[in-house]
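The structure appears right after this line, and notes come after that.
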Amino acid sequence: MRETGQVVTNGPVPDPPDPALRGMAIFATESVSRARELANGDPAVLAGRLEVQAMTWLCPPGTMICGGIPVTVEG
């Protein structure tokens, strides 16, 4: 979904305040319902390993369009 531009970024949340929070994804979609629909298609969600909680997140215009620096997290 990153390649198609539907996901801006995603990844795990290390040491979350709530153990149920495993990771986050920021979707570039027209609505929270479309983001939820895409997230619910994740294989881990379909297998029942993860549960989706979707919400709207706002940021200043233009802040999510620049390329980032690829990072690999050793686990």
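Every number in this text was worked out from the coordinates using simple rules, so none of it is lab data. Model, not experiment: these values are computed from the prediction. Glycine gets a Cβ as well: all are built from the backbone with ideal geometry, and neighbour counts include every protein chain shown.
Some values worked out for this structure:
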| item | result |
| --- | --- |
| Contour minus Cα-Cα distance for A28 and N10 (0.36 nm per residue) | 5.3 nm |
| V45 versus T63: modelled label distance in nm, points set 7 Å from Cα along the beta carbon direction | 2.4 nm |
